[in-house]
1. Scan the range 160-191 for residues that are part of a loop (DSSP other than H, G, I, E, B) and either more than 25 Å from THR104 (Cβ to Cβ) or without any contact (Cβ under 8 Å) to a residue 12 or more places away in the chain (or both) and jot them down.
2. Kindly provide the set of residues from the range 374-414 that are more than 27 Å from THR542 (Cβ to Cβ) and free of Cβ contacts under 8 Å to residues at least 60 places away in the same chain, ordered by number.
3. Can you tell me which residue within the range 187-233, out of those that are closer than 19 Å to SER80 by Cβ and of a type in the set (Phe, Trp, Tyr), is modelled with the lowest pLDDT?
4. Considering only residues that are surrounded by fewer than 22 Cβ atoms within 10 Å (Cβ to Cβ) and closer than 13 Å to GLU184 by Cβ, look in the range 6-25 and name the one that is modelled with the lowest pLDDT.
5. Select, from PHE156, PHE183, the only residue that is in the same structural domain as GLU223 (by TED's automatic domain parsing) and more than 18 Å from GLU45 (Cα to Cα).
6. Please enumerate the residues belonging to the range 406-429 that are small (Gly, Ala, Ser) and either within 13 Å of ILE479 (Cα to Cα) or in a loop (DSSP other than H, G, I, E, B) (or both).
7. Within the range 26-63, can you find the residues that are in contact (Cβ under 8 Å) with a residue 60 or more places away in the chain, surrounded by 24 or more Cβ atoms within 10 Å (Cβ to Cβ), under 16 Å from the mean Cα position of the chain (by Cα) and part of a helix (DSSP H, G or I)?
8. Provide a single number: the residues in the range 79-88 that are at pLDDT below 95 and either part of a loop (DSSP other than H, G, I, E, B) or under 30 Å from LYS199 (Cβ atoms) (or both).
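The values are calculated or read from the model by the stated rules, or taken from the named source; none is laboratory data. Bear in mind that the values here come from a model prediction, so they are computed numbers and not experimental data. Here the Cβ is made from the backbone with ideal geometry for all residues, glycine too, and neighbour counts use every protein chain on show.
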Amino acid sequence: MENKKSNLKCEVLMGNEAIVQGALEAGVDFVTMYPGCPSAEIGDEFGKIAKDYGIYYEISTNEKVALESAVGASFSGLKSLVAMKNFGVNVCSEVLLPLLYTGTKGAMVIVVGDDPGCWSSAQTEENSRAFSLMAHIPTLEPADAQECRDFVKLGFEISEKFNIPVMVRTTIRVAHQRAPVSFEIPNHKSQITNGKFEKNFHQYVTLPPRVLEMKKELLEKTEKIRAYLEKSKINFENKKSKNNKLGIIVSGISYLHTMQVVEEMNLNLSVLKISSFYPLPKKKIADFIKRFKQVLVIEELEPYLEREIKIIANENGIKTKIIGKEILPEIGELNVGLIENAIAKVLGLKIKKLGNSLKEIPAGSKLENLKLEIPRRTPRLCDGCPYWFALPVIKRLAPENVVWGGDIGCNMMTGLAPHNMQDYLFCMGSSIGIGHGVSKATGKNNKAITIMGDGTFFHSGMVGLINAVYNKSNPLMIILDNRITAMTGHQQNPGMGLNGMWQSAPEMNIEEIVKALGVKNVKTLDQGNHGELEAVMKEFLTKDDVSVIICKRICAILDRRQKKN
């Protein structure tokens, strides 16, 4: 649907698609990312349209490099957007923190996708808002697809006004929901914009004692941004209720759940939506909480917002009782049932909702106990996956004292039945790093066999391999090269000969790289040839130094797609 008079359009968009739309409207010039759910679709969309809009887009080798590239673009005066999943903030934090000290020249927005409930993140249920507080980065939290578009645009405005990067923090439920989004039709650019780097040693070089002045400037800038956000409409109260018994403060997707509960329970309650987690609008929060006897803070994961609100109450001598995680879980996603139960408990209501009927139950009863028991499907490798050809052979030939090193990607499934080939799993590239530690610590008591994919090898596996070679270790490293970054949606990587926009690019040969890193025992093979894989496995298991087998066979889904085309 298009409004010809106002140049406005309305379409049903996924949250991640709305983020792309907001960036286009803001005039983004330079986009980088490393693919990871729940933010992968951002890069996928830019890969399709970047050329048409005169935007430079790349899939970087990891999130640190993605942010470094964007910093270079920003210092050259270009508007940049960086996208990653929650764990990516860990990888890029070494660049992120000093960037807040130097500030930006061209506006920059960093989109981070968190994953409450670990739907697509195996290792931990990380809450990226911790970095907001530590790095002092302005952080906006959209609740729906429309706000994804709006907050990215606002993020660019704040960044441009205050010369600072802005984080837009989504969660999987926000990133992947679909809803009508109103937006402006952006202009197409005929070619990529070229910036110009103007040297500024005073601002771009973080050396003491200047770096201490930079921190002071950052803290002063933060207070100016706080004053700006106090007046912003993104932090709002849905209605001013005369009921002073309970007020509610929410953030992110919890706002939608809460409003559904308030409507369905027919409650006359005031709900304050906080969309700028950092810096918080302290005055707006203080003015709100002092009107109520109790305030319920509803947020997913750790109670960062709740803690800050308690500090604000204490600083202003407000005696309101602040309630939060004592009645709401700190683990997993929140939902309508959990929030309904919490509100009922605070208000002393007796309700139970089953279908369309309401029945009385004791106040405070846990609605999560009423969930239907649905059998869970165990994740498994796809039919025809090339990993099926390799894993049985590798497992059969492994010695009894083997320690299996797991890594991130499709090979995470090796930790599940029928494979059961994982003794540890941490983060991207860590299989070889930890495997080296096991080898050095146990000597001949154990043999470390580590398994990682081609995308992970380029992301951070190379660094761990260098360390193992340099320190004379002896893990057997298996690299499963399926010619694509498969698990996050088939994104390109440096081993494919294609860049993020599906244009021809230099193809990085994994075997040549491994040899260049000092590995003497290396072999590339097609694991469909079981005889060759067996022979190489038997040979390399006898070696006293690092050995690498590269099992190279295309992802079954990618193979089928290519044959169709």
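1. Filtering the range 160-191 for residues part of a loop (DSSP other than H, G, I, E, B) gives 163-165, 176-177, 185-191.
Of everything in the range 160-191, those that are part of a loop (DSSP other than H, G, I, E, B) and either more than 25 Å from THR104 (Cβ to Cβ) or without any contact (Cβ under 8 Å) to a residue 12 or more places away in the chain (or both) turn out to be HIS176, GLN177, ILE185, ASN187, HIS188, SER190.
2. Scanning the range 374-414 gives ILE374, PRO375, ARG376, ARG377, THR378, PRO379, ARG380, LEU381, MET413.
3. Checked the range 187-233; the qualifying residue modelled with the lowest pLDDT is PHE197.
4. If we take residues in the range 6-25 being surrounded by fewer than 22 Cβ atoms within 10 Å (Cβ to Cβ) and closer than 13 Å to GLU184 by Cβ, then SER6 is modelled with the lowest pLDDT.
5. On the way: PHE183 fails: more than 18 Å from GLU45 (Cα to Cα).
Being in the same structural domain as GLU223 (by TED's automatic domain parsing) and more than 18 Å from GLU45 (Cα to Cα) holds for just one of PHE156, PHE183, which is PHE156.
6. Start the filter on the range 406-429 by keeping residues that are small (Gly, Ala, Ser), which leaves 406, 409, 415, 417, 429.
Answer for the range 406-429, where residues must be small (Gly, Ala, Ser) and either within 13 Å of ILE479 (Cα to Cα) or in a loop (DSSP other than H, G, I, E, B) (or both): GLY406, GLY409, ALA417, GLY429.
7. Across the range 26-63, the qualifying residues are ALA40, ILE42, GLY43.
8. At the first step, the residues of the range 79-88 found to be at pLDDT below 95 are 85-88.
Filter again for either part of a loop (DSSP other than H, G, I, E, B) or under 30 Å from LYS199 (Cβ atoms) (or both), leaving 88.
The total comes to 1.
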